[in-house]
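Engineer: My questions will all concern the structure given below.
The values are calculated or read from the model by the stated rules, or taken from the named source; none is laboratory data. Because the structure is a prediction, the values reported are computed rather than measured. Cβ placement follows ideal geometry from the backbone for every residue including glycine, while neighbour counts extend to all protein chains displayed.
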Amino acid sequence: MSKKNGKPTLFEEFKTFINKGNAMALAVGTIIGGAFSGITKSVTNDLIMPLVNIFMGGADFSDAKIALPRMPWVTPTYETVVNESGEEVVQEVLNYLTYGNFISAVINFFIMAIVVFIIVKAMNTLTEAATRKEREAAEAAAAAAAAAAAEEAAKNPPAPTSEELLAEIRDLLKNK
């Protein structure tokens, strides 16, 4: 199973990694993250962007683009398209800088970041509250134990130490 030098094989290392549980947590997080990404894209594209489009004059923001200029030494390419009247028209193929999709992706990122922040903050608050309750319970138990020990000590005085007994015997022998 191991190599001659005592180091684990790649398969053994992989098996150890899988058995630690980190891989499963990572897989679950990735799956949930993918599903959550779909939700945030829908929120952005279906709820937020239409509101942004109101302020942009009703234009479809996801199609916002800028045509890039063609360099003079590059031969243009053409394609045949069908126009509104059904006629085939030859037109030049242009390159576009589609900034609308980029802005939509940035908004998706911010929405996801805000939601993750809220989730982490809520989890930290819950963890802190649970830790505080555990700490208070431990402090109360320690105080009760200290009170019980003090009460027990008051009822039963501690036995004298060997030094105290020897000192008492010495004093008794002196007095005789």
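Engineer: Just to be sure before I move on: is residue 48 among the aliphatic types (A, V, I, L, M), within 29 Å of residue 106 (Cα to Cα) and assigned to a helix (DSSP H, G or I) in the structure I sent?
Structural biologist: In short, yes.
Engineer: Would you confirm whether any residue within segment 55-64 is among the aromatic types (Phe, Trp, Tyr), part of a helix (DSSP H, G or I), surrounded by 10 or more Cβ atoms within 10 Å (Cβ to Cβ) and modelled with pLDDT of 75 or more? I'd like the intermediate steps shown before the answer.
Structural biologist: Initial filter on segment 55-64 (among the aromatic types (Phe, Trp, Tyr)): 55, 61.
Restricting the remaining residues to those that are part of a helix (DSSP H, G or I) gives 55, 61.
Next, from what is left, pick out any that are surrounded by 10 or more Cβ atoms within 10 Å (Cβ to Cβ): 61.
Checking which are modelled with pLDDT of 75 or more leaves us with none.
Within segment 55-64, none of the residues are among the aromatic types (Phe, Trp, Tyr), part of a helix (DSSP H, G or I), surrounded by 10 or more Cβ atoms within 10 Å (Cβ to Cβ) and modelled with pLDDT of 75 or more.
Engineer: Scan segment 1-29 residue by residue and report those that are loosely packed, with under 10 Cβ neighbours inside 10 Å, aliphatic (A, V, I, L, M) and at pLDDT 75 or above.
Structural biologist: The one that is loosely packed, with under 10 Cβ neighbours inside 10 Å, aliphatic (A, V, I, L, M) and at pLDDT 75 or above: 10.
Engineer: Let me ask you something else. For the subset of segment 160-176 comprising residues that are surrounded by fewer than 10 Cβ atoms within 10 Å (Cβ to Cβ) and assigned to a loop (DSSP other than H, G, I, E, B), which member is modelled with the highest pLDDT?
Structural biologist: Checking each candidate, the answer is 161.
Engineer: Next question. Which of the residues spanning segment 145-159 are at pLDDT 80 or above and of a type in the set (A, V, I, L, M, F, W, C)?
Structural biologist: Matches in segment 145-159: 145, 146, 147, 148, 149, 150.
Engineer: Given the criteria surrounded by 10 or more Cβ atoms within 10 Å (Cβ to Cβ), over 50 Å from the mean Cα position of the chain (by Cα) and among the hydrophobic types (A, V, I, L, M, F, W, C), does residue 94 qualify? Walk me through it before giving the result.
Structural biologist: Values: surrounded by 10 or more Cβ atoms within 10 Å (Cβ to Cβ): yes; over 50 Å from the mean Cα position of the chain (by Cα): no; among the hydrophobic types (A, V, I, L, M, F, W, C): yes.
Criteria not met by residue 94.
Engineer: Look at residue 133 and say whether it is more than 30 Å from residue 68 (Cβ to Cβ), of a type in the set (D, E, K, R) and under 52 Å from the mean Cα position of the chain (by Cα).
Structural biologist: Numbers: more than 30 Å from residue 68 (Cβ to Cβ): yes; of a type in the set (D, E, K, R): yes; under 52 Å from the mean Cα position of the chain (by Cα): yes.
Yes, satisfied.
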